[in-house]
Every structure is written in C-alpha cells, then in structure tokens.
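The values are calculated or read from the model by the stated rules, or taken from the named source; none is laboratory data. Remember, predicted model here, so these are calculated numbers, not experimental data. Using ideal geometry, Cβ is built from the backbone for each residue, glycine included, and neighbour counts are taken over all protein chains shown. For the accessible areas, the whole protein counts, side chains as well, though only heavy atoms, and no ligand, DNA or RNA atoms are used. Shrake-Rupley method; radii C 1.70, N 1.55, O 1.52, S 1.80 Å.
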Amino acid sequence: VQLQAYGGGLVQAGGSLRLSCAASGRTLSNYALGWFRQGPGKEREFVALISRSGSSTYYADSVKGRFTISRDSAENTVFLHLNSLKPEDTALYYCAADVRPPYWGTTSDDYDYWGQGTQVTVSS
C-alpha cells in the first residue's frame with residue numbers, strides 16, 4: 001500500500017491545519033492508522049492512532065485535546081486535525097499503517113507502511 005500525506009504548511013501559534021493521508025494500492029479498512037512526527041533534532045514520536053473500525057482512538061499526551069484523528073473508508077483516507085497549534089508542534093508529520101495484530105501500535109516498529117511526510121511549521 002502506498003500512502004501520500006499532504007496538508008502541512010506554515011501557521012501561527014493558535015491556528016489550525018488538517019493533514020490528510022490518502023492510500024492507493026490497497027484498502028485501508030483492514031488496518032489501524034497512525035500519525036507520527038519528527039521535530040528538528042528530535043526522534044520520531046507517536047502522535048495518534050485510530051482503530052480499523054474508526055471507533056477507537058488514542059493520542060499522545062502532548063496533543064490530547066488539541067488534535068483529532070479520523071478516517072474515511074470510502075475515500076481510503078485518514079485525517080489529522082490540528083488545533084491550538086504551538087511552536088513545539090513544528091515537525092515533519094508522517095502517516096502510517098499498522099497491518100499486524102493487535103492493530104494498536106504506538107511505536108514506529110508497529111507500522112509497516114509509511115507516507116513521505118508533510119511539514120508543519122508553527123510560528124510564535
């Protein structure tokens with residue numbers, strides 16, 4: 001499966017963005033989907049994940065209450081809504097697909113397919 005992430009950009013602190021990740025080659029409905037990010041000089045970190053059915057979500061503490069992950073099975077797309085952005089949210093954001101049980105990965109090793117990343121820059 002090929003993943004294409006887009007929607008990043010430059011935004012002021014307190015602003016919002018919506019990231020999208022479209023899949024081709026295979027339906028995403030069988031996989032849990034996650035978002036990760038890697039800031040300047042930092043390691044890649046988990047941001048959010050959504051279950052195969054879309055009924056369950058999980059967030060890193062640093063984004064809980066500000067970011068929302070969702071999926072559209074008909075469009076074969078996963079979204080990440082970023083609200084109340086802070087300068088420390090500046091990072092390259094990646095979408096990924098977890099294709100192995102229990103389909104609830106919170107580390108990079110749990111994911112087999114990755115998008116190319118989309119840059120989010122938050123100015124103060």
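Going by what's in this entry, would GLY39 be described as surrounded by 13 or more Cβ atoms within 10 Å (Cβ to Cβ), modelled with pLDDT under 95 and under 15 Å from the mean Cα position of the chain (by Cα)?
Here the answer is no, as GLY39 does not meet what is asked.
Across segment 60-98, what is the number of residues that are assigned to a loop (DSSP other than H, G, I, E, B) and surrounded by fewer than 16 Cβ atoms within 10 Å (Cβ to Cβ)?
Here the count works out to 11.
Which of the residues spanning segment 74-84 are over 19 Å from SER55 (Cβ atoms) and either within 15 Å of the chain's Cα centre (by Cα) or at pLDDT below 95 (or both)?
LEU82, ASN83
On the basis of being open to solvent by 10 Å² or more (accessible area, probe 1.4 Å), in contact (Cβ under 8 Å) with a residue 60 or more places away in the chain and of a type in the set (A, V, I, L, M), does VAL120 make the cut?
Taking the combined requirement at face value, the residue does not satisfy it.
Report yes if PRO101 is under 17 Å from LYS42 (Cα atoms) and either free of Cβ contacts under 8 Å to residues at least 12 places away in the same chain or open to solvent by 40 Å² or more (accessible area, probe 1.4 Å) (or both), otherwise no.
Answer is no for this residue.
Could you run through segment 42-59 and say how many residues are of a type in the set (Asp, Glu), surrounded by 14 or more Cβ atoms within 10 Å (Cβ to Cβ) and more than 16 Å from GLN119 (Cβ to Cβ)?
Number satisfying all stated conditions: 0.
Suppose the filter is of a type in the set (Val, Ile, Thr) and touching an Asp or Glu at 6+ places or on another chain (Cβ under 9 Å); does VAL47 pass it?
no
State the number of residues belonging to segment 24-36 that are part of a strand (DSSP E or B) and either open to solvent by 60 Å² or more (accessible area, probe 1.4 Å) or over 20 Å from TYR58 (Cβ atoms) (or both).
1
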